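The values are calculated or read from the model by the stated rules, or taken from the named source; none is laboratory data. Small disclaimer: the values here were computed from a predicted structure and weren't measured. Reconstructed Cβ throughout: ideal geometry from the backbone, glycine too, with neighbour counts over all protein chains shown. Note: areas computed on protein heavy atoms with side chains; ligands, DNA, RNA excluded. Shrake-Rupley method; radii C 1.70, N 1.55, O 1.52, S 1.80 Å.
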Amino acid sequence: MEDSILTRMGDGERLWLSASDIRKDIAEGTEDAAERGKVPVLTDAEQGRLYDIMAEPARIVSVLPGEEVIVSDDGCSMSFYSGQDGGGVGVPMSRMQAVLTYERACGADSTSIGHSDYSYKPVKPIINFETNDYYNISMTTTAPLFYGAQPNMGLYFQPDGPCPNPSELLPLGEIKAALAAQEKAAGMLRDDLVYVGKRLAAIGCEGLNFDTSGSAGDADFMAALEAVAAIKAAAPGMPILMGASGEFVIGMHGEVAFNEKRLAGMYPHEQVKVVEDAGADIFGLAVGTSTNRTVAWNLARAVTFLKQTTAVADIPVHVNVGMGVCGIPMMEQPPIDSVTRVSKALVQLGKADGL
Amino acid sequence: MHIAHIMASCMGGIRTAGDLVAWMQMSRKMKIDEAKTYVAGKLNIDVMDLTNEEIMRPLREELGIGTVTSVAGGPKGIRAKMKIAELLDINIPSVDLFKSQI
């Protein structure tokens, strides 16, 4: 069959594929997700609709009028002034100018600020600067303003932090020491998250974002869940968005639990339930993009995980759709043909409440 | 990239009613359809018109909840959010703090 559909690989490489190749990749992608997550595959009709989205000849595609969802800001405002490593375009403007530009020139549904490092640990010593900036900006914005960063438990391990590094201990067979180091780091991370969260709540924070929770494994995810619960107990009126870092919680520890539910190996439809239990208001679903498979394969996978997650969720599910996540190619400048196809498919087929 | 997402599937923020629907997801954990229905009810418009600039632009000005184009003297920022909290019958933390200081 003629290669007639212009599409991309997960690393952004552009290529022509046949209709049968695209259909085959969609089928394989949904089967992969279904097998791993033990969730249903997409129906034939849904796979057909996903094929139609991938095969649309237009450069840019979109949802239909009335189908629009909320786009929650996760550092997008920062990309106006940040550099290449943050996907930023380096315009010399302040945080407030960036936020207001995003709100008023781009029509964003929500905006955000965060520390340039985008981790909570370095926020703690400069919390007074951050709360001052947040308060000043929140007086000028109309759309919801999040404060966002990543829990990022990796920063608590040597040489960046005080705890022994489990990545060094595990290859030496020091299993108990590696588990103890993660438990110690998780406690420190939780306390820092709670400290920063309470300080932000005290100055009227409209929304807190725990982005990429679990990036250092299940103990990282547990610390974020415990922090959400503690902050919600202290400041129930401050909304919290808790996002994940991948389609399953990596079992770096393997035994930690939240509310007696073991976290290692949880897939998104299970992650959302513990996030709900913790008291978060929005769940951020993440599915990694494989760079050596097509966007069609990756997107079919992401939609399969998402569909099951939105079906069981009692809170809104916003999908992480940055570089290398949920079908977005893993590259510095994700192409808008792929980005808009991912947007449309996740909303129409995955029933996302937001992105 | 985020601009592409906004064009493909976003409600439009303060251009339309995107911020209002976002407030309902955040403050009441409403899923998208429930949040849209709630906001449309408060605005007394059809759900389809939540993203209709023709309807939302004058309505936002009339209600004093902030407009995307800058009207001199028109409510923006915390002033607009005070009205939004009232309109949607929700608590917005920054508004609660501001009101406590008046």
>> For region B:1-46, which positions are among the β-branched types (Val, Ile, Thr), facing chain A (nearest Cβ under 7 Å) and out of contact with any Pro (no Cβ under 9 Å at 6 or more places or on another chain)?
In response: B:Ile3, B:Ile6, B:Ile14, B:Val21
>> Looking only at region B:90-102, how many residues end up being modelled with pLDDT under 95 and either in contact with a Leu (Cβ under 7 Å, 6 or more places away or on another chain) or assigned to a loop (DSSP other than H, G, I, E, B) (or both)?
In response: 1
> Given A:Pro329, A:Pro334, which one is in a loop (DSSP other than H, G, I, E, B), touching a Ser or Thr at 6+ places or on another chain (Cβ under 7 Å) and either touching a residue at least 60 places away in the same chain (Cβ under 8 Å) or farther than 17 Å from A:Val61 by Cα (or both)?
Replying inline: A:Pro329
> If you go through region A:113-144, how many residues are within 11 Å of chain B (Cβ to nearest Cβ), in contact (Cβ under 8 Å) with a residue 40 or more places away in the chain and open to solvent by less than 10 Å² (accessible area, probe 1.4 Å)?
Replying inline: 6
> Of (1) open to solvent by 40 Å² or more (accessible area, probe 1.4 Å); (2) facing chain A (nearest Cβ under 7 Å), B:Arg57 satisfies all except one. Which?
Replying inline: (2)
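Quick one: how many residues across region B:32-50 are in contact with a strand residue (DSSP E or B) (Cβ under 9 Å, 6 or more places away or on another chain) and either β-branched (Val, Ile, Thr) or surrounded by fewer than 19 Cβ atoms within 10 Å (Cβ to Cβ) (or both)? Spell out how you get there, then give the answer.
At the first step, the residues of region B:32-50 found to be in contact with a strand residue (DSSP E or B) (Cβ under 9 Å, 6 or more places away or on another chain) are B:32, B:35.
Restricting the remaining residues to those that are either β-branched (Val, Ile, Thr) or surrounded by fewer than 19 Cβ atoms within 10 Å (Cβ to Cβ) (or both) gives B:32.
Final tally of qualifying residues: 1.
If a residue must be away from chain B (no Cβ under 12 Å) and either under 18 Å from the mean Cα position of the chain (by Cα) or open to solvent by 40 Å² or more (accessible area, probe 1.4 Å) (or both), how many such residues does region A:60-85 contain?
In the first step, residues of region A:60-85 are kept if they are away from chain B (no Cβ under 12 Å); the result is A:81-85.
Filter once more, so that each one left must be either under 18 Å from the mean Cα position of the chain (by Cα) or open to solvent by 40 Å² or more (accessible area, probe 1.4 Å) (or both): A:81, A:84-85.
Matching residues across region A:60-85 total 3.
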> Residues of region A:103-125 being within 12 Å of A:Ser77 (Cβ to Cβ) and in contact with a Phe, Trp or Tyr (Cβ under 7 Å, 6 or more places away or on another chain), which ones?
Replying inline: A:Ala108, A:Ser110, A:Thr111, A:Ser112, A:Ile113, A:Gly114
> Tally time: how many residues in region A:232-253 are touching a Lys or Arg at 6+ places or on another chain (Cβ under 8 Å) and within 29 Å of A:Thr30 (Cβ to Cβ)?
Replying inline: 2
> Scanning region A:301-319 for residues that are surrounded by fewer than 24 Cβ atoms within 10 Å (Cβ to Cβ) and β-branched (Val, Ile, Thr), which turns out farthest from A:Ala34 (Cα to Cα)?
Replying inline: A:Ile315
> Considering region A:99-127 alone, what residues qualify as being closer than 24 Å to A:Glu68 by Cα and in a helix (DSSP H, G or I)?
Replying inline: A:Val99, A:Leu100, A:Thr101, A:Tyr102, A:Glu103, A:Arg104
> Of the residues A:Asp281, A:Asp353, A:Asp337, which is at the interface with chain B (Cβ under 10 Å from one of its Cβ atoms) and either open to solvent by 30 Å² or more (accessible area, probe 1.4 Å) or modelled with pLDDT under 95 (or both)?
Replying inline: A:Asp337
>> Given (1) open to solvent by 10 Å² or more (accessible area, probe 1.4 Å); (2) within 13 Å of another protein chain (Cβ to nearest Cβ); (3) touching a Gly at 6+ places or on another chain (Cβ under 9 Å), identify the lone condition not met by A:Trp297.
In response: (2)
>> Taking the conditions exactly as written (within 15 Å of the chain's Cα centre (by Cα) and touching a residue at least 12 places away in the same chain (Cβ under 8 Å)), does B:Val68 satisfy them or not?
In response: yes
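One residue is enough: does region A:302-318 have a residue meeting the conditions among the hydroxyl-bearing types (Ser, Thr, Tyr) and part of a loop (DSSP other than H, G, I, E, B)?
Taking region A:302-318 as the starting set, the residues that turn out to be among the hydroxyl-bearing types (Ser, Thr, Tyr) are A:304, A:309-310.
When the remaining residues are screened for being part of a loop (DSSP other than H, G, I, E, B), the result is none.
There is no residue in region A:302-318 that is among the hydroxyl-bearing types (Ser, Thr, Tyr) and part of a loop (DSSP other than H, G, I, E, B).
Can you work out which of the residues in region A:19-59 that are of a type in the set (Ser, Thr, Tyr) and assigned to a helix (DSSP H, G or I) is surrounded by the most Cβ atoms within 10 Å (Cβ to Cβ)? Talk me through it step by step, then tell me what you get.
From region A:19-59, those of a type in the set (Ser, Thr, Tyr) are A:20, A:30, A:43, A:51; that's our starting set.
Right, trim to assigned to a helix (DSSP H, G or I) and you get A:20, A:30, A:51.
Details: A:Ser20: 9, A:Thr30: 27, A:Tyr51: 19.
Restricting to residues being of a type in the set (Ser, Thr, Tyr) and assigned to a helix (DSSP H, G or I), the top hit is A:Thr30.
Would a scan of region A:151-162 turn up a residue that is closer than 22 Å to A:Pro316 by Cβ and crowded, with 24+ Cβ neighbours inside 10 Å?
Narrowing region A:151-162 to residues closer than 22 Å to A:Pro316 by Cβ: A:151.
Narrowing further to those that are crowded, with 24+ Cβ neighbours inside 10 Å: A:151.
Yes, region A:151-162 has at least one match.
Quick grid of which residues meet (1) under 24 Å from A:Ser110 (Cβ atoms); (2) more than 14 Å from every other protein chain (Cβ to nearest Cβ):
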position: A:Asp191; (1), (2): no, yes
position: A:Ser245; (1), (2): yes, yes
position: A:His253; (1), (2): no, yes
position: A:Lys261; (1), (2): no, yes
position: A:Glu276; (1), (2): yes, no
>> Take the residues in region A:252-271 that are open to solvent by 10 Å² or more (accessible area, probe 1.4 Å) and aliphatic (A, V, I, L, M); name whichever of them is nearest to A:Glu35 (Cα to Cα).
In response: A:Met266
> How many residues are open to solvent by 10 Å² or more (accessible area, probe 1.4 Å) and part of a helix (DSSP H, G or I) when one looks only at region A:213-251?
Replying inline: 7
